[in-house]
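Accompanying notes for the structure given below.
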Amino acid sequence: MTVQRLHHVAYRCTDARETVDFYETFLDLELATSIAENVVPSTGERYPHIHIFLEMADGGSVAFFELPESEKMTPDPNTPDWVQHLALKVENRDALLGYKQRLEQGGHSVLGPIDHSFCESIYFHDPSGHRLELTTDIGDEELHQKLRSSARPILAHWEQHRVAPDVDPLHANARNGGDS
């Protein structure tokens, strides 16, 4: 038994129409489903909302709830902005740069591309303030095998020391702040 793929991930948005327009215009996602209800099916509580699903090429969706009777959305004050984000994969570097250009021409600030050794990414925010990452895989099979084989040792080191290892197993470069 294995989880097959992402069905959807859900976030809150400030305005459903604005959200649909952004994701369709700048990221080529398609509005697939809109569900407007006054009662939450799982809890039975009265809570008017619209739940929109924007579909990706693989059939998975990025979904949003607009909650007009709730207090204003605010970011988590205890979590840095760069931590909570949604990363979406694009086909290649040309596509990544094309999205960057489209976003910038639409007046959106874009950071990157940033080379992470195994992927290259750009970062920006949607109209509700959610941080987004578009990324494309880079590197060869050998690099991806190193990532896979180093995952558990890095996690074990982190669990024991709560700092990065002195040696980056992907590059064998010294790092600050940790015991091997």
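The values are calculated or read from the model by the stated rules, or taken from the named source; none is laboratory data. Everything numeric in this text was worked out from a predicted model, so none of it was measured. Every residue, glycine as well, gets a Cβ built from its backbone with ideal geometry; the counts of neighbours run over all protein chains shown.
Quick look at the values:
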read-out	value
Matching option when the condition is out of contact with any Asp or Glu (no Cβ under 7 Å at 6 or more places or on another chain), assigned by TED's automatic domain parsing to the domain that holds residue 134 and either aromatic (Phe, Trp, Tyr) or surrounded by 11 or more Cβ atoms within 10 Å (Cβ to Cβ) (or both), among 40, 90, 62, 9	90
Within segment 137-146, tally of residues that are closer than 15 Å to residue 120 by Cβ and either outside any strand (DSSP E or B) or without any contact (Cβ under 8 Å) to a residue 40 or more places away in the chain (or both)	5
Residue satisfying condition, being within 30 Å of residue 142 (Cα to Cα) and surrounded by 16 or more Cβ atoms within 10 Å (Cβ to Cβ), within set 103, 96	96
Where a residue in segment 100-125 is farther than 14 Å from residue 23 by Cα and its partner, wherever it lies, is assigned to a strand (DSSP E or B) and charged (D, E, K, R), with Cβ under 6 Å and at least six apart	113/120; 119/137; 121/133; 123/133
Tally, over segment 25-57, of residues that are assigned to a loop (DSSP other than H, G, I, E, B) and of a type in the set (Gly, Ala, Ser)	3
Whichever residue in segment 1-25 is polar (S, T, N, Q) and out of contact with any Lys or Arg (no Cβ under 9 Å at 6 or more places or on another chain) and, among such residues, is nearest to residue 100 (Cα to Cα)	19
Some residue of segment 58-66 being of a type outside the set (A, V, I, L, M), over 17 Å from residue 124 (Cβ atoms), touching a Leu at 6+ places or on another chain (Cβ under 7 Å) and part of a strand (DSSP E or B)	yes
Within segment 113-167, considering residues that are under 30 Å from residue 28 (Cβ atoms) and among the charged types (D, E, K, R), the one nearest to the chain's Cα centre (by Cα)	133
Positions within segment 26-37 being over 18 Å from the mean Cα position of the chain (by Cα) and either under 19 Å from residue 98 (Cβ atoms) or surrounded by fewer than 12 Cβ atoms within 10 Å (Cβ to Cβ) (or both), in sequence order	34, 36
Failed condition for residue 124, given (1) assigned to a loop (DSSP other than H, G, I, E, B); (2) hydrophobic (A, V, I, L, M, F, W, C); (3) crowded, with 16+ Cβ neighbours inside 10 Å	(1)
Unmet requirement for residue 66, which otherwise passes all of (1) closer than 16 Å to residue 26 by Cβ; (2) in contact (Cβ under 8 Å) with a residue 40 or more places away in the chain; (3) more than 18 Å from the chain's Cα centre (by Cα)	(1)
Output for segment 67-101, where each listed residue is in a loop (DSSP other than H, G, I, E, B) and touching a strand residue (DSSP E or B) at 6+ places or on another chain (Cβ under 9 Å)	67, 68, 69, 70, 73, 81, 82, 83, 84, 90, 91, 92
Residue 16 being under 14 Å from residue 128 (Cα atoms) and either in the same structural domain as residue 64 (by TED's automatic domain parsing) or out of contact with any strand residue (DSSP E or B) (no Cβ under 9 Å at 6 or more places or on another chain) (or both)	yes
